[in-house]
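The values are calculated or read from the model by the stated rules, or taken from the named source; none is laboratory data. Everything numeric in this text was worked out from a predicted model, so none of it was measured. Glycine also receives a Cβ, built like all others from the backbone with ideal geometry; neighbour counts cover every protein chain displayed. Please note that ligands, DNA and RNA were not included when accessible areas were found on the heavy atoms of the full protein model with its side chains. Shrake-Rupley method; radii C 1.70, N 1.55, O 1.52, S 1.80 Å.
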Amino acid sequence: MTPDFICPCCSGHDYDHCCGPLHREQEIAATPEALMRSRYSAFALGGLGDYLFKTWAENAPGRPPQDAAMLNVRTVDWQRLEIVQTSTHGAQGMVEFKAWYFEDGQEQVLHERSRFRRSAGLWRYVDGVIDPPAMARAGRNDPCPCGSGRKYKKCCAER
């Protein structure tokens with residue numbers, strides 16, 4: 001039985017019906033956004049290093065070594081999550097988010113555009129760009145800043 005509390009991912013749902021089933025491996029993330037929210041919740045709750053490690057794409061840059069123990073430790077006090085934008089193109093996905101936290105008594109914000117890849121039916125975190133350039137700065141024929149490899153006009157501009 002899990003505690004009855006609002007999920008840290010800021011979905012407004014209780015943890016047991018939101019990120020909890022993903023953390024317990026009872027369900028899989030259906031979208032890159034669902035995986036992003038569950039990973040944020042894992043960082044916010046702490047002690048879920050194995051889940052964070054398993055949801056990181058193999059051979060992804062920045063993936064920690066096989067020992068996921070370092071991912072178990074909460075290094076900051078996570079406060080809230082805001083999803084700015086999402087996109088999915090086949091087996092590629094992007095989630096831009098802002099995550100607020102307290103560190104050394106100061107409120108900070110992590111603004112990241114994360115890339116995800118689906119392999120064998122499972123979404124996995126690949127990497128992210130911290131403080132990404134604004135999506136609106138891309139010209140119609142420029143590569144989309146979400147990292148899909150498509151032109152902006154055929155990708156995120158259509159949203």
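Of the residues making up region 22-38, those that are more than 12 Å from THR86 (Cβ to Cβ) and open to solvent by 10 Å² or more (accessible area, probe 1.4 Å) are LEU22, HIS23, ARG24, GLU25, GLN26, GLU27, ILE28, ALA29, ALA30. Here HIS111 meets each of (1) modelled with pLDDT of 95 or more; (2) within 19 Å of ALA34 (Cβ to Cβ); (3) surrounded by fewer than 20 Cβ atoms within 10 Å (Cβ to Cβ); (4) of a type outside the set (A, V, I, L, M) with one exception, condition (2). Candidates ASP16, ASP4: the one that is open to solvent by 20 Å² or more (accessible area, probe 1.4 Å), of a type outside the set (Phe, Trp, Tyr), part of a helix (DSSP H, G or I) and without any contact (Cβ under 8 Å) to a residue 24 or more places away in the chain is ASP16. I'd like the residue in region 70-87 that is touching a Gly at 6+ places or on another chain (Cβ under 6 Å) and either over 19 Å from LEU122 (Cβ atoms) or touching a residue at least 60 places away in the same chain (Cβ under 8 Å) (or both) and, out of all such residues, is surrounded by the fewest Cβ atoms within 10 Å (Cβ to Cβ). Filtering region 70-87 for residues that are touching a Gly at 6+ places or on another chain (Cβ under 6 Å) and either over 19 Å from LEU122 (Cβ atoms) or touching a residue at least 60 places away in the same chain (Cβ under 8 Å) (or both), the one surrounded by the fewest Cβ atoms within 10 Å (Cβ to Cβ) comes out as ARG74. Looking across region 89-100, the residues that are open to solvent by 40 Å² or more (accessible area, probe 1.4 Å) and either in contact with a helix residue (DSSP H, G or I) (Cβ under 6 Å, 6 or more places away or on another chain) or closer than 15 Å to PHE43 by Cβ (or both) come down to LYS98, TRP100.
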